[in-house]
Amino acid sequence: MRDADTIVIGGGHSGLTAAARLAQAGQRVLLFECRPDVGGRAATLSFGDGFRVPGLLHDTQHLFDGAVRQLRLDRAGLHRDEAPAAWLNPQTTGPGLLLHHEAGQAHAEIAAHSARDADRYADYRQHFDRLRPEVAPLLRRVPPDPSAGVLELLRAGWGARGLLLRRDLLDILRTLPMCVADWLNEWFEGDLLKAGLALPAVAGEFTGPWSPGTNALLVVQNCTVAGAVRGGPAGLIKALLATCREYGVTIRTGTEVTAVVVEGGAARGVQLADGSRCNAERVVAAISPKDLLTRLVPAGAFRPQVVERARQIRTRGTTAKLHLGVRGEVRFAHRDAAVSRARIAPSIDAIERAFDPVKYRRFADRPVLDVWIPTVEEPGLAPAGHSVVSVLVHYASADLAGGWTAAQRQGLATVVRDTLGRYIPDLASRIVSEQLLTPADLAAEFRLPGGHLGHGELGLDQMLVRPTLDCARYATPLAGLTLASSGCFPGGGLTCASGLLAAERVLETA
Ligand SMILES: Cc1cc2nc3c(=O)[nH]c(=O)nc-3n(C[C@H](O)[C@H](O)[C@H](O)COP(=O)(O)OP(=O)(O)OC[C@H]3O[C@@H](n4cnc5c(N)ncnc54)[C@H](O)[C@@H]3O)c2cc1C
């Protein structure tokens, strides 16, 4: 007897998106999540005495509009800001650079460091405004079949004709494989501006700004950026959960899937950790593709080459997370008003130097930091009169030489606190709670083989064909088994894109 039409493994934002779409289309959907709550890495986390962080990650500015519309997430309470958030790249000796979205304010801030950069920044923004209508749709559709030959590529080329017919096509092709440092050096001279713009293109990756191909990620990010979700990642999860409930998805949290059940050459259900089994017409896996293909699918269900390619997916984690509960308000040096977002990266070379140690399985002694103070917008996340400081720490090796001993953990926490303290001078004496998640903790806690945040590194090769040649269009060589997590095209981040596109692929064939 069937327990559902479709079983979804994983209740992160991709799993919730896929489940909601399939249930919206009339399927009976059963979703299993091994953690106590849904949300995956976007779920709210508690630490210390009464402090909360609304999601491990910070950036909700790349949501797929098509998913918001299709699932009517605004009706379920999703609100987005009109424009991307401002961020500060602070200085120890001056007010730093606060990059507003609004053109006039951005010009004034940049001009305080370089008049030339201030003028060029408007052109830089226009460059992406012109690219966006052609690039963004390519990232929001099922990618071409890498094994289907020239006809399929021509079909994909037709979809991208806007881009291919551009007079500056050669220049676009020239810049995509560049390293982000070289490209930003063509535009600007100021260290704070260049480093602040470059950081998101390498954050979370096993790359530094001088690594080839990193500019492609900068282009992708700038062509998909929009206003942030109110309430952060947790705000998105709340809306997705309400949508799943509205369409009747059955959700079982605290339930680990230990294997995919294969019968008659097709995925027909899942085995649970308590030994029970659930049956369905098909299985959609919104978890790490590497974990799924190498561990959860029984040996022999795939050709050996399929499993070998899955093993080769690069998933090296380079990011740690530090949460601080702080007495009073948190202000950056030389800034009068509270700022909620900062990128602490003094220069492109400082980012590169922070990246160097992970190549040798160490962590940076001068890390670069992505800082979010969510209590600026939502004071209720901390006890009265306190603040939360959420810090993404780049770079630290998941596979640390000698392992993540207590001393190594203490060492990492100390260098992060020291770095922050240079820009928020009175911070140290006001810290009342602290939670450190090393890349190895994140890997274990959130089931990320290797510790990479997006279920697979975003090198150019792994962006174009994702996760592997055999599974690049969500379907796998095993009938009835579809992939949906951000380990699939178009890649990591809170976009809802892979969850929605995977569900659409299932509906095409159901
Ligand atoms: C520290 C950190 C910072 C990040 N920063 C950003 C950022 O600022 N902006 C951004 O856009 N992206 C960021 N990312 C990446 C982003 O978090 C991911 O791309 C996104 O959360 C992936 O969503 P998902 O639903 O595909 O997977 P996940 O969120 O990983 O969800 C998968 C779910 O499946 C569950 N699961 C796994 N195995 C099983 C099993 N066998 N049985 C049952 N359940 C299972 C897991 O518990 C999890 O809840 C960050 C990630 C991390 C960890």
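A short reminder: the numbers here are calculations on the coordinates, not readings from a lab. If you're wondering where the values come from, they're calculated on a predicted model, not measured in any experiment. All Cβ positions, glycine included, derive from the backbone under ideal geometry; neighbour counts span all protein chains shown.
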**OP:** Could you please rank S397, S429, S114, placing first whichever residue has the fewest other Cβ atoms within 10 Å of its Cβ?
**Re:** S429, S114, S397
Original post:
In the chain, what is the volume of the convex hull around the alpha carbon atoms, normalised per residue and reported in Å³?
Top reply: 145 Å³
Original post:
So, in nm, how far is label T93 from label D171 when the simple model puts each one 7 Å beyond its Cα toward the Cβ?
Top reply: 3.6 nm
**OP:** Starting from the coordinates of the alpha-carbon atoms of segment 354-510, obtain the Kirkwood hydrodynamic radius over all distinct pairs and give the value in Å to one decimal.
**Re:** 18.3 Å
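What is segment 195-295's relative contact order, in percent, from Cα pairs under 8 angstrom and six or more apart in sequence?
On the way: 70 pairs, mean separation 11.9, N = 101.
Relative contact order of segment 195-295: 12 percent.
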Subject >> Label-point separation, E189 to L507 (7 Å along Cα→Cβ), nm >> reply: 5.4 nm
**OP:** Could you give the C-alpha radius of gyration of segment 30-106 expressed as a fraction of 2.2 N^0.38 Å, taking N as the number of residues it contains?
**Re:** 1.52
Original post:
Taking amide H positions as placed 1.01 Å from N in the peptide plane, with prolines and chain starts having none, which residues 5 or more places from G451, or on another chain, fall under 5 Å of its amide H?
Top reply: G317
Original post:
Whole-Hz Karplus ³J(HN,Hα) for segment 264-281, in order, using 6.51 cos²θ - 1.76 cosθ + 1.60 and θ = phi - 60°, x for Gly and Pro?
Top reply: x, x, 9, 6, 10, x, 9, 9, 9, 4, 7, x, 7, 9, 10, 10, 7, 5
Subject >> Rounded if a/c under 1.5, otherwise prolate or oblate - segment 163-209, Cα gyration tensor axes >> reply: oblate
**OP:** May I ask for the Rg/Rh ratio of segment 97-224, computed from Cα atoms with Rh as the Kirkwood radius, given to two decimals?
**Re:** 1.02
Original post:
Taking the Cα atoms only, what angle lies between the long axis of helix 191-202 and the longest principal axis of the chain, rounded to 10 degrees?
Top reply: 10 degrees
**OP:** Would you mind counting up the charge near T44? Only other residues with Cβ under 15 Å from its Cβ, with Lys and Arg at +1 and Asp and Glu at -1.
**Re:** +1
Subject >> Full-stretch length increase - R125, A384 - with 0.36 nm per residue and alpha-carbon distance subtracted >> reply: 89.3 nm
Original post:
Got the relative contact order for the chain handy, in percent, Cα pairs under 8 Å and 6 or more residues apart?
Top reply: 24 percent
Original post:
Across segment 120-135, in residue order, what do the Karplus-derived ³J(HN,Hα) couplings come to in whole Hz, using 6.51 cos²θ - 1.76 cosθ + 1.60 with θ = phi - 60° and x for Gly and Pro?
Top reply: 5, 4, 4, 5, 4, 5, 5, 4, 6, 4, 6, 6, 3, x, 9, 7
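Once you keep just the Cα pairs under 8 angstrom separated by 6 or more residues, what percentage relative contact order results for segment 319-445?
The value is 39 percent.
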Original post:
What's the exposure ranking of H13, H101, H58, going from fewest to most Cβ atoms within 10 Å?
Top reply: H101, H58, H13
Original post:
How are the Cα pair distances of segment 345-415 distributed, in percent, across 5 Å bins from 0?
Top reply: 3, 16, 20, 19, 14, 13, 10, 5, 1
Original post:
Which length gain, in nm to one decimal place, applies between A444 and D145 when the Cα-Cα distance is subtracted from 0.36 nm times their residue separation?
Top reply: 104.4 nm
Subject >> Highest average packing first - 242-252, 166-176, 211-221, 285-295, Cβ atoms within 10 Å >> reply: 285-295, 211-221, 242-252, 166-176
Original post:
Summing -39500 (n - 2.57) over the DSSP H runs of n ≥ 4 in the chain and dividing by its residue number, what mean residue ellipticity at 222 nm do you reach, to the nearest 500 deg cm²/dmol?
Top reply: -10500 deg cm²/dmol
**OP:** Treat the count of other C-beta atoms within 10 Å as a stand-in for reagent exposure and order T468, T405 from fewest to most.
**Re:** T405, T468
Original post:
For segment 97-224, with only Lys/Arg (+1) and Asp/Glu (-1) charged at the beta-carbon, what is the dipole magnitude about the Cα centre, in debye rounded to 20?
Top reply: 520 debye
Original post:
Share of antiparallel DSSP beta bridges in the chain, in percent to the nearest 5?
Top reply: 70 percent
Subject >> Equivalent ellipsoid semi-axes - Cα gyration tensor, segment 319-445, angstrom >> reply: 25, 17, 12
**OP:** Please check which bits of segment 6-25 a label hung off R72 would reach, taking the label as a point 7 Å along Cα-to-C-beta and the cut-off as backbone N under 18 Å.
**Re:** 17-25
**OP:** For an R0 of 22 angstrom, estimate the FRET efficiency from the Cβ-Cβ distance between D182 and D356 and round to the nearest 0.05.
**Re:** 0.75
Original post:
How big, on average over all directions, is the shadow cast by the Cα convex hull of segment 83-147, in nm²?
Top reply: 6.8 nm²
